[in-house]
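To start, the structure under review is shown below, and the notes come after it.
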Amino acid sequence: FFFAMQTELLARSWEDLVNDGMRDAFPRSEFTFMTWNVLADGLAQDQFRLRREDVEWDIRMPKFLAEIERVNPDILCLGEANHLDDFWIPELSRRGYKGTHKLKRKSPAVMYGAPPDGSAIFWRSSRFSLARERLINLKGNQVAVVATLYDSVTAANVIAVTTHLKAGGSPAEEAIRAEQIEDLLTVLRGLPATTPVILGGDLNDNPFGPVRRALLEAPLKFTSAYGLAGPESEPVFTCQDLPFQGCLDYIMLQPHLVRMAQRMSLPTPEGIGRRGLPNTRYPSDHLSLAVRLQVLVQPTV
């Protein structure tokens, strides 16, 4: 059992997005949704070869748990998650979560002697239970997880979706991403129109790219939680591998079905420091994103 709260992390806080009166309109329905690309063991050591002291798995484990405990999500989406059987599942189980996951068919982490990685969704079992799951192989080597969760507080379902799309900036890689998001949207279009869908993940596309645009133009009426005023309002970065930094991670929600009450702030470059991510105070090259949501459509009883 790993004790995480003593770990020092980058400074972050919750930002209020509605006034207190509006937030109290649906207090029982509020829940916290978090998504995070956790930088798979094996891939981390290969990508950051000169910074092993920041990326060794044993060093990063308590930092992962400290970030999750700080956010305290009710629904947690993970990308590049490996060590599921010997870390994520047992540690999150001890903290009151159950989950489901889909591993990549050919995980590159295996080449570096690490377990295969994939995408996972965990939920707080005292509130949510799994009603249905879809574990999806996308074009190429990527996967997606769609979990319909019954909420015992509202007596209704919410649908959590996570994926980690193809990386890379070449035309061929962009074409694969476009096919992947279209395959996922084909699944999402078939979901019940009155059930809130929240999508979180590393889409590996910039705010002005075709993936974000396809999601916002889809009939699900998505809005980007961190880019409410358009692509230019998205974070400057959610991922760093200096000198590269860019916005690759997103939470998509449906404002006609859920209201965003709060959003987790992102650290500044100055707060992160010259080394960038990952570092001694943060275990991944991607920042987690998190929102506190209220379900607007209350079930009839």
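The values are calculated or read from the model by the stated rules, or taken from the named source; none is laboratory data. For clarity, every value in this text was computed on a predicted model and none was experimentally measured. Glycine gets a Cβ as well: all are built from the backbone with ideal geometry, and neighbour counts include every protein chain shown. Accessible surface areas use protein heavy atoms only, side chains included; no ligands, DNA or RNA. Shrake-Rupley method; radii C 1.70, N 1.55, O 1.52, S 1.80 Å.
Observations
- Only lysine pairs 8 or more places apart or on separate chains count here, and in the chain those with Cα atoms under 21 Å apart total 8.
- Bins of 5 Å from zero: percent of alpha-carbon pairs in the range 1-157: 2, 8, 15, 19, 18, 16, 11, 6, 3, 1, 0
- Highest-first arrangement of 160-167, 232-239, 137-144, where packing means the average Cβ count within 10 Å: 160-167, 137-144, 232-239
- The figure for E53 is an accessible area of roughly 100 square angstrom, using a 1.4 Å probe on the protein chains alone.
- Sparse-neighbourhood loop sites, trypsin sites (Lys or Arg not before Pro) in the range 173-275 - DSSP loop, at most 15 other Cβ within 10 angstrom: R189, K221, R274, R275
- Tensor-based shape of the range 47-106 (alpha-carbon gyration tensor, a/c under 1.5 rounded, otherwise prolate or oblate): oblate
- Furthest towards positive pole of dipole, M61, L50, P73, structure part the range 24-80, Cβ charges: L50
- The chain - percent of accessible surface contributed by carbon and sulfur, probe 1.4 Å: 54 percent
- Estimated inter-spin distance, S265 and L242, nm [label 7 Å along Cα→Cβ]: 2.1 nm
- About the Cα centre, charge dipole magnitude for the range 231-301 (Lys/Arg +1, Asp/Glu -1 at Cβ), debye: 300 debye
- Protection proxy ranking of 72-78, 153-159 - average other beta-carbon atoms within 10 Å, highest first: 72-78, 153-159
- Of all DSSP-defined beta bridges confined to the range 7-132, some 70% are antiparallel rather than parallel.
- Computed magnitude of the charge dipole of the range 117-236 (debye, nearest 20; Cβ of K, R +1, Cβ of D, E -1): 420 debye
- What you get for the range 113-167, charging only the Cβ of Lys and Arg (+1) and of Asp and Glu (-1), is a dipole of about 100 debye around the Cα centre.
- Per residue solvent-accessible surface (Å²) - the range 171-297, probe of 1.4 Å: 38 Å²
- The share of alpha-carbon pairs in the chain lying farther apart than 36 Å comes to 10%.
- Per residue of the chain, the DSSP helices (runs of n ≥ 4 H) give a summed -39500 (n - 2.57) that works out to -5500 deg cm²/dmol at 222 nm.
- Averaging Cα coordinates gives a centre for the range 44-60 and one for the range 65-144; these two points are 20 Å apart.
- Each Cα pair under 8 Å and six or more residues apart adds its sequence gap; the mean of these over the residue count of the chain is a relative contact order of 23 percent.
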